[in-house]
Amino acid sequence: MELLKKVSWDAKKYGKFSPLIRDYLNGAEETFSLYAEFPSESGLISQAKEKLQNYQHREVTYQALKNQLSNLGLSLKQTENLEKFRLSNSVTITTGHQLNLLTGPLYFFHKILQVLKSCEVMNQNHPEFNFIPVFWMATEDHDFEEINHFYFKNQKFVWQKEAVGAVGRLNLDGIETVFQNFFQYLPESLNAKSLRELIESSYLSSKTLTEATKKLVHQLFGERGLLLIDGDDKELKKLMIPAFEEDLLENTAFQIIEKTNQILSKNNYSIQVNPREINLFYLGEGNIRERIVLENGSYQILNSAFSFSKEEILQELNSNPEKFSPNVILRPLYQETILPNICYIGGSGEIAYWLQLKAFFDSQNVLFPMISVRNSLLLLSEKQHSKLEKLNLGYEDLFLPLYELVNQNVRENSDSDIDFEVYESQLQKIFDELDTKATQTDVSFSKMVNAQRTKQLKGLEKMKKRLLRAEKIKHSERVERIETLYSELFPNGNLQERITNFSEFWLEYGLDLIEMIYYEIQPVEFRFTIKTLP
């Protein structure tokens, strides 16, 4: 079998989504109320025109960006984009992500490169606007276990640390040990040297995880003009005081999103996130990040001694807005309030919870952005591509469960010419004829015929399975090669992009890896691509 070096599938062909995302991408009527503009070039223009009519926070956000990026040594393109941000015809296309160690899974690259590609295409086609790529750093997340590791060649490298609170504020104690251990697995090569330099100039020369991640992402994507923004910023949070106050006092998000969730449930869609009555955390001393709850008329900070009356918490909010941290429900509103954003690109899980938020956005008079499911890529080496061809495997075969893939491939490449389906059909025909005659003669005889039918078919199925086991033993080398290849492309049974770290490919391709992925990315719209790298 000769395979193409690249294939791309749209959402209908790929199809491996939850029912909600599948229906959204296929334009099902049940999802119409959950979004404003479907991902398209014309939709982006409509979003831009509407956003620019109402966006009010350009100068404040510009100054925050300028301060946050001041120590990075911006590229020419970043500097141009930062200054363009001030212009009244500038909008952003954004993605965001947790501060995963060494960027975490490979799809981190896919999200950012799709933002960059979308902006490049839109700037070329619509020079009347400036489309600026932005990466939102999820510095206030507090789930350290989700971000404290990465995988390299099936080995998990973990940053062991007692950690609480917003991960971006964490110091980097113990992180040098992780990377010194990792360095031992790297060969002596120019690409390995550049990978070590990336790590040394980010994680090993920073004080916090936010600083380290910012440096790394800047080194990887700064030349392409990417701007990075950190929501853990007092001046930016001042802009959210009215929305945070409404959440504390009126629980608007809870009430509206609960109604949306009822609609989703009625259509048999899973609920990605559930709102709380108060969707804010409190960031306190010792880097605590704990939920705010209203109990007996008092605002309590869970797992702490902090307690506020209504007047006290409103005073605290107005004096120290940086101490209030939005959860997954309010963070999108925060992002869309402070940025002139028209499109958010995210994974299917992210898009699922964004689809819960439109009615809430409408209640806040904030434009709901276009939401785009990120591209998905499966990268093969020439060696892996050759193995597929030799094993007579097609790309569609790869998405079968492993046991089905093995069984199907063994049967297709078997020397045996026994066609059990033919024999099963013949048996069914024989027993159908017997049953017809038996029914005409004696009902009890008909029951005996059907009991014998069941017995014979089970026996046939047993022979079929035994022959397949024998064929597997006979073709054990083939089975082993399939299983090895499958584990390489789907580590731990997951899509490659959800486990494998970019460092594995960097050793082979270095900085060229970014250009290779960028070339394959489809802007705005979803695509799944299988690509054999040269």
For this session: Count charges around residue 126 for me, please; just the other residues with Cβ under 12 Å from its Cβ, Lys/Arg as +1, Asp/Glu as -1.
Result: -2
Seminar exercise, completed: Distance in Å, no decimals, from the C-alpha centre of the range 352-393 to the one of the range 270-347 is 28
Exercise. Relative contact order (percent) for the range 312-395, with alpha-carbon contacts under 8 angstrom and 6 or more residues of separation?
Worked result: 28
Problem set entry | Simple label model, 7 Å out from Cα along Cβ direction - residue 365 to residue 266, nm | 2.9
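Would you mind working out the magnitude of the charge dipole of the range 361-401 relative to its Cα centre, with +1 at each Lys and Arg C-beta and -1 at each Asp and Glu C-beta, to the nearest 20 Debye? List each step's numbers first, then the result.
On the way: 4 positive and 5 negative charges, 40 e Å.
Dipole magnitude for the range 361-401 comes out near 200 debye.
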Exercise. Could you list, bin by bin from short to long, the percent of Cα-Cα pairs of the range 312-352 in 5 Å steps?
Worked result: 5, 18, 20, 23, 15, 8, 9, 3
Exercise. Where Lys and Arg each count +1 and Asp and Glu each count -1, what net charge lies around residue 484 among other residues with Cβ under 13 Å from its Cβ?
Worked result: +1
Exercise. If you compute Cα Rg over 2.2 N^0.38 Å for the structure shown, which of (1) 1.09; (2) 1.03; (3) 1.17 do you land on?
Worked result: (3)
Seminar exercise, completed: Once residue 86 and residue 71 are pulled to full extension, the length gained, defined as 0.36 nm per residue separation minus their Cα-Cα distance, is 3.4 nm
Problem set entry | Difference of contour (0.36 nm per residue) and Cα-Cα distance, residue 295 to residue 180 | 36.6 nm
Problem set entry | Residue (of 252, 271, 304) at the positive-pole extreme of the range 222-333, dipole from beta-carbon charges | 271
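Nothing charged except the Cβ atoms of Lys and Arg (+1) and of Asp and Glu (-1): what's the magnitude of the dipole of the range 1-107 about its Cα centre? Round to the nearest 20 debye. Numbers along the way, then the final one.
Values: 13 positive and 11 negative charges, 70 e Å.
Roughly 340 debye, rounded to the nearest 20.
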Seminar exercise, completed: Rounded to whole Å², per residue accessible area for the range 262-389 with a 1.4 Å probe reads 38
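Rounded to a whole number, what % of the accessible area of the range 120-227 do carbon and sulfur atoms account for, probe 1.4 Å? Don't jump to the answer; show the numbers that get you there.
On the way: 2240 of 4930 Å².
Carbon and sulfur together cover 45 percent of it.
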For this session: State the percentage of accessible surface on the range 309-375 attributable to carbon and sulfur atoms; use a 1.4 Å probe and exclude ligands, DNA and RNA.
Result: 45
Exercise. Given R₀ = 51 Å, FRET efficiency for residue 483-residue 123 by Cβ-Cβ distance, to 0.05?
Worked result: 0.65
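With +1 on the Cβ of every Lys and Arg and -1 on the Cβ of every Asp and Glu, and nothing else charged, how large is the dipole of the chain about its Cα centre, in debye rounded to the nearest 20? Please list the in-between numbers first.
On the way: 60 positive and 74 negative charges, 227 e Å.
For this selection, approximately 1080 debye.
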For this session: Find the centroid of the Cα atoms in the range 36-113 and in the range 484-534, then give the distance between the two in whole Å.
Result: 24
Problem set entry | Rg ratio (alpha-carbon, reference 2.2 N^0.38 Å) - the range 47-179 | 1.26
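Just need the relative contact order of the chain here, percent rounded to a whole number, with Cα pairs under 8 Å and 6+ apart. Working shown, then result.
Working: 788 pairs, mean separation 131.0, N = 534.
Rounded, it is 25 percent for the chain.
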For this session: Pick out, from 329, 4, 522, the residue whose Cα sits farthest towards the positive end of the charge dipole of the chain, with +1 on the Cβ of Lys and Arg and -1 on the Cβ of Asp and Glu.
Result: 4
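How large is the accessible surface per residue of the range 14-62, computed with a 1.4 Å probe and reported in Å² as a whole number?
Working: 2450 Å² over 49 residues.
I get 50 Å² per residue for the range 14-62.
The values are calculated or read from the model by the stated rules, or taken from the named source; none is laboratory data. Since we're looking at a predicted model, the values are computed, not measured. Please note: Cβ atoms are built from the backbone with ideal geometry, for glycine as well, and neighbour counts cover all protein chains shown. Note: accessible area is taken over every heavy atom of the protein model, side chains too, but ligands, DNA and RNA are not part of it. Shrake-Rupley method; radii C 1.70, N 1.55, O 1.52, S 1.80 Å.
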